[in-house]
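Some notes on the structure that comes next.
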Amino acid sequence: MKKSIIFSLAIFASSLSLIGCNDNTNQNTVSDLKSGIQYIEKEKNYTFSYVSNTNRHDLIYTKTSIGLVAEGTPRATDVYIQDTKGVYRLRHDGSKFISSELSSKSDSLWSGEFYSTLFGVSTSFTSSIKSGDTSVKVSDKSYKIAYCKALGYSEDQLANVNSLTISYRKENNEQYLRFTLDYLGNDVVYDAHEFGTSKNTIVDDFIASGGTYLTVNGILSDARRLMKGNNYIQEIYYFGADEDSSGYAAQAYFHPHYYMSIYNGSSFGSGAIALNSKKNDLYGCYSCAVQFSDQGATPSLYSPAVYSEPNIPEYYHYPSYLMLWDNFEYLTSWTDQDMLGYTKTGEGYYFNNSSLLADFSNNFSMSSNFSGQIPMGVAIDIVKGATDKDTVIYFYYKFAYQGAHYVMPIPFHHFGNANIGALDYVYSMYND
């Protein structure tokens, strides 16, 4: 038997305080099935509602905000807001609302970069809808794709969609469009309503209380610029059973064109380099090595390519890809957080958001080195130098492992000056 995921209309009356009291007299823009579908294509004010785990969820669309609000669950709030200077994100961290910086993706809320919508999606299939029709089964593939994206489904999941039906009804002087998606034999049901009268009172209250987007100070913003430049040296440390068997292990050279690690005391480095040479039939990331001596440095290049695209920062998980750089709203000052003896000497920050911690741990392969380790927090110490080269950025990763707590220092320095001459030569020779 097919199961249905359907909201209860009784919830609406008790939940209106969540999305604001609306004047339904403005709903004459929607009067039947065809006008309702066309309204969502052309206008920017309506609400999709559904129920999950007994809680009502509202995906509220207005001209100045788009996002999800869940009844009784502020933690689920995820809204993008249009400001005169751009778009920012509003979420709840479990204790308070937090706002992001202005997005670099787009300065337009309805661009499709933040939430997929049905705005501007062709509804030519409505030409077949006759006066008095109350439902239509949508066969238009592009519309089904757009609708699935609006609900958070990917195009790959469309193969699991058996059908999409849109129906119209009017109750208590309010118009409703019900979208019923048959997904893997289950009905996933959303109701579109409050056409032209939808409000997001969480957003309204946030702005009315002086809330706005996050602004980041110069030193933190500069640290992001340096880390995203993909040109620096990292000191790599190792842990042993005690302090005597722990210490400095190697240096990692991060460069836009190549990556290389050189172990402490060694005259040999190994890594990879990005090459793109049609005349030499070289394309991708290739393993390489450099032998250093008093007479100079001798590079070696190995074939075939280990990665098919010449993109070193992406394939070698450069820290410029950390989620942290786009989520500064989760940072707090590093004040009394215990980092097991490590203290800040410059400007300090701290985060323990679970998503950012998991991303940080994965980027630096912490679980590969400490299987079963549990991330606890990361402190950041930005020691600003006279030049980029003189600046040092320390990350202190705190984790629990086999019943004890540890802190792994991860310092970066020589920003903009991590060149290795021998590899610069190879790059210049094998890139047309």
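Coordinate-derived values only; no laboratory data. Source: prediction; values computed, not measured. Cβ atoms come from the backbone with ideal geometry, glycine included; neighbour counts cover every protein chain shown.
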Net charge contributed by nearby residues that have their C-beta within less than 14 Å of Phe415 (K/R +1, D/E -1): +1
Val306, Val121, Val30, Val290 arranged by Cβ crowding within 10 Å, fewest neighbours leading: Val306, Val121, Val290, Val30
Compactness of the range 370-412 - radius of gyration and Dmax, Cα, Å: 13.4, 42
Cβ-based charge dipole, the chain, positive-most Cα from Asn200, Asn353, Ala159: Ala159
DSSP-defined beta bridges in the chain - what % are antiparallel, rounded to 5: 95 percent
Solvent-free Debye scattering, log10 I(q)/I(0), computed from the Cα coordinates of the range 4-208 at q = 0.13, 0.15 Å⁻¹: -0.73, -0.98
Percent of alpha-carbon pairs separated by more than 40 Å within the chain: 38 percent
Cβ charges +1 (Lys, Arg) and -1 (Asp, Glu), total dipole of the chain, debye: 1180 debye
Highest-fluctuation residue, Asn280, Asn172, Asn353 considered, GNM on the chain with Cα pairs under 10 Å: Asn172
Potential extension, Asp107-Asp93 segment - 0.36 nm per residue separation minus Cα distance: 2.6 nm
Total charge dipole magnitude, the range 367-432, about the Cα centre, Cβ charges on Lys, Arg, Asp, Glu only, Debye to nearest 20: 300 debye
Amide H partners (placed H, <5 Å) of Leu214, local residues excluded: Ser100, Glu101, Leu102
Hydrodynamic radius (Kirkwood) for the range 219-413, which is based on Cα pairs only, to one decimal in Å: 18.2 Å
